[in-house]
Amino acid sequence: MKTRAAVLHGANQEWQVTDVELDAPAKGEVLVKTFAAGLCHSDEHIVTGDLGSLDSSMFPVIGGHEGSGVIIEVGEGVTDFEVGDHVAVSFVPACGKCRWCASGQQNLCDLGAGTMNPGMVADGRCGHHGLNGEEISTMAKLGTFAEHMLLSEDSVIKVDKDIPLIPVALVSCGVATGYGSAVNRAEVTAGDTVVVVGCGGIGVNALQGAKLSGAKNVIAVDPSEFKREQSEIFGSTHTASSMEEAMELVGGLTEGVMADSVILTPGVVYGDMIAPAQFLTRKGGTIVVTGLAPMMQMDVQLNLFEFAMMNKQIKGTIFGSDSPRRAVPRLLGMYQAGQLKLDELVTQTYTLDQINEGYQDMRDNKNIRGVLLFD
């Protein structure tokens, strides 16, 4: 079928909205009419070339990995989904069979190792084509910046039809990743002091996770005054414009003990951010690296003596260290109960044709989360 999509043809270019052809769903696949897609910074990494050698193999690529929609067609052998189901997408496919899925770690599913490579999940074929026949890949096997998505059933999660589809889109990446960074990876407990560095679409959800876990002090660090102001909606008790500024603030709040955990959620993580995060963290404390770094980033500033002698730890995380099929319905349930703020995350909505405007607003720190809406 023919549909419209935002396609990127190379690094440092703008998204081009154009017609593309989608295959009919093959065995184990579904066709989804897209309702909403979040403008996440991870897609910006393709634009800036941060993914290194992966970039060249992806182009041209339909962007987007945070989204929701309604299934309009199912392929052979699909039994868990039917036409009319509302779904969230998952940028990490979950096969349910590998070692990681079997142990409840769907976020580490073996299928996820190829999520940035071209081709469909099940058989590796190209299911997306330009009108002149060229092959087009999709971001994270999804491509939510399109009116329709051809997806593996391993990449979708069924949700209740009475939940609005904008919040459903948001929990598919930014909310789950940020919330889980605090709750699952930093293991925030009541009375903790937590520092969240970077207060965009992921960081503010780390703030929510810290608050809901009972943290006493939740410090939002961001150079953007707008984001610092917005952070209070999501649970921050204090703000700072930099980690250096936060150092004195946290020291005063904790009588010199420092933070129990520091969660790094800036748009881009660089190696020189680790040392200041290290010194913001108390003895035995935890640094969680959530934000995406350039793929070739190898140099990290870290005081190894202090790191070892103060018994500190650094942890990475993907999808908030949770299983998508567990996290998505759980977070949506919290939203329905009034415990999790999701509607407040959306600063501005855009049409597909306004995608470049949306990303410019992100670069200009005008949005917590911009969202594409489709008819």
Next item on the list: Please say if the range 65-169 is rounded, prolate or oblate, where rounded means a/c under 1.5 for a ≥ b ≥ c the square roots of the C-alpha gyration tensor eigenvalues, and otherwise the choice is prolate for a/b larger than b/c and oblate otherwise?
Entry: oblate
Next item on the list: Between 172, 241, 323, find the one with the highest GNM mean-square fluctuation for the chain; connect C-alpha pairs within less than 10 Å.
Entry: 241
Check: What number in nm² do you get for the chain if you take the convex hull of its Cα atoms and divide its surface by four?
Finding: 17.3
Item checked: the range 98-152-the range 170-212 distance, computed between alpha-carbon centres (Å) -> 27
Next item on the list: Give the angle, between 0 and 90 degrees and rounded to the nearest 10, that separates the Cα long axis of helix 324-336 from the longest principal axis of the Cα atoms of the chain.
Entry: 70
Item checked: Least to most buried among 156, 257 (fewest other Cβ within 10 Å first) -> 257, 156
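Too long at a 21 Å Cα-Cα cut-off: which of 158/211; 216/341; 283/315; 211/312; 161/341?
Numbers: 158/211 28 Å; 216/341 19 Å; 283/315 15 Å; 211/312 23 Å; 161/341 19 Å.
Correct reply: 158/211; 211/312.
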Margin query: Just want the ordering: 221, 300, 32, from fewest to most Cβ atoms lying within 10 Å of their own Cβ.
Written below: 300, 32, 221
Notebook entry, point to check: Hey, if you put +1 on the Cβ of every Lys and Arg and -1 on every Asp and Glu Cβ in the range 173-286, which of 223, 204, 275 ends up farthest toward the positive end of that dipole?
Noted result: 204
Item checked: Dipole magnitude of the chain about its Cα centre (Cβ charges: Lys, Arg +1; Asp, Glu -1), debye to nearest 20 -> 1080
Note to self: Please enumerate, by chain and number, the aspartates and glutamates with C-alpha under 19 Å from the C-alpha of residue 2, excluding those fewer than 8 residues away in the same chain.
What the structure shows: 19, 21, 23, 29, 73, 134, 135, 147, 353, 375
Item checked: Residues 282, 363 arranged by fewest to most Cβ contacts within 10 Å -> 363, 282
Next item on the list: Could you work out how far helix 243-253 tilts from the main Cα principal axis of the chain, as a 0 to 90 degree angle to the nearest 10?
Entry: 50
Next item on the list: Taking the Cα centre of the range 178-316 as origin, sum charge times position over the Cβ atoms of Lys and Arg (+1) and Asp and Glu (-1), and report the length of that vector in debye to the nearest 20.
Entry: 440
Margin query: For the range 178-316, take the convex hull of the Cα atoms, compute a quarter of its surface area, and give me that in nm², please.
Written below: 7.2
Check: Of 190, 28, 149, which is farthest on the positive side of the dipole of the chain, counting Cα position, with +1 on Lys and Arg Cβ, -1 on Asp and Glu Cβ, and the Cα centre as origin?
Finding: 190
Next item on the list: Indicate the gyration tensor shape class of the range 282-375 (rounded, prolate or oblate), computed on the Cα atoms with a ≥ b ≥ c the square roots of the eigenvalues: a/c under 1.5 is rounded; otherwise a/b larger than b/c is prolate and the rest oblate.
Entry: oblate
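Each reported figure results from applying straightforward, stated rules to the coordinates on display, with no laboratory input. Predicted model only: the values in this text are computed from it and were never measured. No Cβ is skipped: glycine too gets one built from the backbone with ideal geometry, and neighbour counts run over all protein chains shown.
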